[in-house]
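Structure record follows, encoded as structure tokens.
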Amino acid sequence: MKHLTAINRKAKRVEEYIAVNEEEDDVFALQQGPPQQRPHYPVGCSLVFSPGWEVDVTGGTAGLCQPVERDLYDCYISCYWPAQVPDHLNNYPDWTSKCANATKDWRKIDLVFP
Amino acid sequence: MSTFRLGEFHPFSGGGQDYLYLVPSGAIFALDPLSHSLLGQLKAGERSQDELITNTTAQGFAAPEVEETIKELYQAHVIANGNGFPAEVQAVPMPFPLQTLVLNVTNQCNLSCKYCYEFGEDRVATASTLDGKPKFMTEETACAAVDFLLANSPGRRAVHLTFFGGETLMNFKVVRATIEYARAQAHAAGKYIDFSLTTNATLLTEPVIDYLAENHVGVTISIDGPQEMNDKLRVFSNGQGSYEIIAPKVKELLAKHRTRPIGARVTLTSQVVNVKAIYRHLKEELGFHEVGFAPVTTSPVRLYAIGNDGLRTVLEQFTELAQEYLACALRDEQHGFSNVSDTLQELHAGVNKSHPCGAGLGLLGVAPSGDIAPCHRFVDSDTHKLGNLATGIDRTTQVDFLERGHIQRKPECHTCWARPVCSGGCYHEAHVRYGDTGHANLHYCDWIRGWTDVCLQIYGEIAARNPKFLAHFEERKAI
């Protein structure tokens with residue numbers, strides 16, 4: 001090796017190993033763990049406790065989906081969360097038709113009995 | 001076409017030279033300007049080989065040189081391409097040959113140090129686990145332990161016996177008889193055996209000191225510094241400090257016992273964190289060869305527990321004292337701060353530990369009853385018992401203990417660059433903090449990384465400015 005200088009004993013062993021295996025294209029000189037898994041950014045609700053993410057992206061609670069009136073439409077129109085809101089896509093397309101403004105008219109929304 | 005990304009390493013510098021500490025191999029390489037430039041480019045993200053060559057030749061380097069450097073970096077796993085490397089999970093090679101046996105020759109002590117892991121509030125051996133068991137190891141049990149060590153160390157030329165307590169010298173008669181027996185048996189088995197013990201120094205007398213010196217028994221003294229610090233927690237049962245009793249005895253030991261280096265072992269607590277003052281006293285005033293420090297193992301709620309602020313103070317003081325070590329090393333002189341020399345030893349070897357230590361592998365602890373434990377800190381704990389001298393090691397329990405302690409089982413460690421040397425940290429510490437020997441010691445992570453970084457910089461500076469000093473670390477200690 002010309003550009004890396006082995007300093008400690010393990011580095012010297014790595015260097016020797018590389019020299020011996022020079023001919024092979026991909027030398028596995030060392031044991032190395034699997035490729036790192038990086039976290040992805042979630043879109044939508046979490047798997048179990050939607051919409052109750054425990055913390056928001058800043059680690060606090062201010063940006064959480066609050067279980068309040070205005071969330072009705074979030075849940076109803078965009079994702080349909082069974083047991084919390086009726087199924088808008090298939091069975092209850094008119095569930096919110098009497099409710100123009102959820103924060104004012106939410107009392108007009110009735111229960112459904114599937 | 002190959003696309004490269006950075007592999008896993010920790011960059012550091014020392015003595016004006018840039019280095020890489022490769023994870024997980026533990027290899028340390030020095031960089032030249034060309035490799036340094038390539039790594040700088042990859043910091044921003046993945047780059048193709050062509051891009052790297054174009055950018056680097058623009059800085060005045062020749063293309064064949066650049067290609068050669070990329071190959072070297074790839075081969076040493078400094079950089080990686082998209083495929084990653086195969087993961088290998090090592091099975092523990094069983095049975096693992098023993099190297100060291102620690103005999104707790106008694107679980108009794110004439111001191112009542114408040115933080116003691118055998119008697120303090122966080123002890124693993126309780127009244128119920130000690131009930132009905134012997135308090136002092138008999139000569140018969142100790143000799144059986146010697147036979148056990150010799151029989152279970154196939155392939156090892158040298159083995160080691162350590163005497164521990166309680167207070168070891170409260171059973172000195174058995175220590176002496178065991179050393180004589182062990183020497184004869186080892187000779188017959190064609191093995192070399194050496195001995196060491198740890199003591200609180202209260203029972204050192206002239207004949208004991210003479211015996212230890214004549215028999216080349218390594219001695220470690222538990223002492224926490226000058227009187228006002230030592231006597232805070234290292235007290236007799238009536239609360240009286242132990243310093244006045246031990247100081248003259250320690251001086252006599254250090255004057256007479258010249259066949260092995262004598263070390264001091266300091267336990268740092270919230271009340272005792274003045275590392276430099278303690279070192280000065282023990283090294284320069286009392287004359288210890290080496291001084292090693294360890295923070296107390298305890299539940300965080302105890303008054304003597306060192307909190308995060310305390311740990312930061314300890315790291316600052318360690319760093320200052322380590323600079324003195326460096327200055328000595330550059331002058332080819334020995335310095336007695338053993339936390340540095342121990343870490344440099346491991347960095348020089350390039351350890352990449354599957355387990356934090358040798359407990360349960362090459363090292364076992366033996367209780368006065370003959371029960372076998374992973375190490376001296378777990379003796380007389382029923383939950384951690386790995387067998388008995390009479391019945392041998394329970395391999396199922398041993399494998400379970402080792403599997404839980406394996407680095408592959410500690411996901412928190414998998415993104416940490418210090419894992420080759422730390423591997424999750426002390427099992428006993430983990431047990432006390434988290435109730436599980438296999439838990440990573442997360443409360444120490446910043447400290448371990450900080451300290452390893454300090455030691456890497458010192459190592460780098462020595463390698464750049466006085467490389468011949470590194471020969472001191474060539475001889476492998478038991479790691």
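Observations on the structure shown:
- Of the residues screened, B:E346 is one that is within 14 Å of chain A (Cβ to nearest Cβ), touching a residue at least 40 places away in the same chain (Cβ under 8 Å) and of a type in the set (D, E, K, R).
Condition check ((1) more than 17 Å from the chain's Cα centre (by Cα); (2) assigned by TED's automatic domain parsing to the domain that holds B:A144; (3) within 30 Å of B:E403 (Cβ to Cβ)) across all residues:
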residue	(1), (2), (3)
B:L321	yes, yes, no
B:Y325	yes, yes, no
B:Q334	yes, yes, no
B:S341	no, yes, no
B:V351	no, yes, yes
B:A359	no, yes, yes
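- Considering each residue of the range B:328-343 in turn, none proves to be in a helix (DSSP H, G or I), in contact with a Leu (Cβ under 7 Å, 6 or more places away or on another chain) and buried (at least 21 other Cβ atoms within 10 Å of the Cβ).
- Screening B:G460 with (1) crowded, with 23+ Cβ neighbours inside 10 Å; (2) touching a strand residue (DSSP E or B) at 6+ places or on another chain (Cβ under 8 Å); (3) small (G, A, S); (4) more than 30 Å from B:C328 (Cα to Cα) gives one miss only, at (4).
- Hits in the range A:3-21 (condition: part of a loop (DSSP other than H, G, I, E, B) and within 7 Å of chain B (Cβ to nearest Cβ)): A:H3, A:I7, A:N8
- Restricting attention to the range B:90-115, the residues being under 29 Å from B:G241 (Cβ atoms), part of a loop (DSSP other than H, G, I, E, B) and within 22 Å of the chain's Cα centre (by Cα) number 1.
- The C-beta contact set for the range B:283-300 (first residue among the basic types (K, R), second residue not in a strand (DSSP E or B), distance under 9 angstrom, 6+ apart or interchain) comprises B:K283/B:H289; B:K283/B:H335; B:K283/B:G336.
- Residues satisfying the stated conditions in the range A:7-38, i.e. modelled with pLDDT of 90 or more, within 42 Å of the chain's Cα centre (by Cα) and more than 30 Å from B:P411 (Cβ to Cβ): A:E15
- Filter pass, B:L98 being more than 9 Å from chain A (Cβ to nearest Cβ) and surrounded by 17 or more Cβ atoms within 10 Å (Cβ to Cβ): yes
- Subset of the range B:21-54 (residues that are more than 8 Å from every other protein chain (Cβ to nearest Cβ) and in contact (Cβ under 8 Å) with a residue 40 or more places away in the chain): B:Y21, B:V23, B:L38, B:L39, B:G45, B:E46, B:R47, B:S48, B:Q49, B:D50, B:L52
- Flag for B:G132 being loosely packed, with under 14 Cβ neighbours inside 10 Å and not basic (K, R): yes
- Hits in the range B:384-429 - residues which are hydroxyl-bearing (S, T, Y), in contact (Cβ under 8 Å) with a residue 60 or more places away in the chain and farther than 20 Å from B:T100 by Cα: B:S423
- Residues of the range B:37-84 that turn out to be aromatic (F, W, Y) and more than 9 Å from B:F4 (Cβ to Cβ), as a count: 1
- The one condition in (1) touching a helix residue (DSSP H, G or I) at 6+ places or on another chain (Cβ under 6 Å); (2) modelled with pLDDT under 95; (3) small (G, A, S) that B:G239 fails to fulfil: (1)
- Residue selected from the range B:397-435 under the condition among the acidic types (D, E) and touching a Gly at 6+ places or on another chain (Cβ under 9 Å), by the criterion farthest from B:V454 (Cα to Cα): B:E403
- Number of positions in the range B:55-75 that are away from chain A (no Cβ under 11 Å), in a loop (DSSP other than H, G, I, E, B) and surrounded by 11 or more Cβ atoms within 10 Å (Cβ to Cβ): 2
- Residues of the range B:317-327 that are surrounded by fewer than 20 Cβ atoms within 10 Å (Cβ to Cβ) and either of a type outside the set (A, V, I, L, M, F, W, C) or under 24 Å from B:L98 (Cβ atoms) (or both): B:Q317, B:T319, B:E320, B:Q323, B:E324.
Here is a yes/no grid of residues against (1) touching a strand residue (DSSP E or B) at 6+ places or on another chain (Cβ under 9 Å); (2) among the aliphatic types (A, V, I, L, M); (3) in a helix (DSSP H, G or I); (4) at positive phi:
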residue	(1), (2), (3), (4)
B:V351	no, yes, no, no
B:S369	yes, no, no, no
B:R377	yes, no, yes, no
B:C413	no, no, yes, no
B:A440	no, yes, no, no
B:D446	no, no, yes, no
B:W451	no, no, yes, no
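- Only a single item in (1) over 25 Å from B:Y21 (Cα atoms); (2) surrounded by fewer than 16 Cβ atoms within 10 Å (Cβ to Cβ); (3) at pLDDT 90 or above is not met by B:P93, and it is number (3).
- Among (1) closer than 27 Å to B:Y243 by Cα; (2) among the aliphatic types (A, V, I, L, M); (3) crowded, with 22+ Cβ neighbours inside 10 Å - the single one B:A305 does not satisfy: (3)
- For the range B:1-11, the set of residues classified as surrounded by fewer than 21 Cβ atoms within 10 Å (Cβ to Cβ), in a strand (DSSP E or B) and away from chain A (no Cβ under 11 Å) consists of B:T3, B:H10, B:P11, listed by residue number.
- As a summary of the residue check, B:T319 satisfies the conditions (1) in contact with a His (Cβ under 8 Å, 6 or more places away or on another chain); (2) at pLDDT 95 or above except for the one numbered (1).
- Qualifying residue in the range B:116-134 (condition: among the β-branched types (V, I, T), assigned to a loop (DSSP other than H, G, I, E, B) and free of Cβ contacts under 8 Å to residues at least 12 places away in the same chain): yes
- Residues that are surrounded by 14 or more Cβ atoms within 10 Å (Cβ to Cβ) and within 14 Å of another protein chain (Cβ to nearest Cβ), drawn from the range B:382-418: B:H406, B:I407, B:Q408, B:R409, B:K410, B:C413, B:H414, B:C416, B:W417
- When the residues of the range B:254-282 are filtered to those that are β-branched (V, I, T) and either without any contact (Cβ under 8 Å) to a residue 12 or more places away in the chain or not in a helix (DSSP H, G or I) (or both), the one that is surrounded by the fewest Cβ atoms within 10 Å (Cβ to Cβ) is B:T259.
- Taking the criterion of being of a type in the set (S, T, N, Q) and touching a Lys or Arg at 6+ places or on another chain (Cβ under 9 Å), the only residue of the range B:134-178 that qualifies is B:S153.
The values are calculated or read from the model by the stated rules, or taken from the named source; none is laboratory data. Please read these numbers as outputs of a predicted model, since none were measured by experiment. Cβ coordinates were reconstructed from backbone atoms using ideal geometry, including for glycine residues, and neighbour counts include every protein chain displayed.
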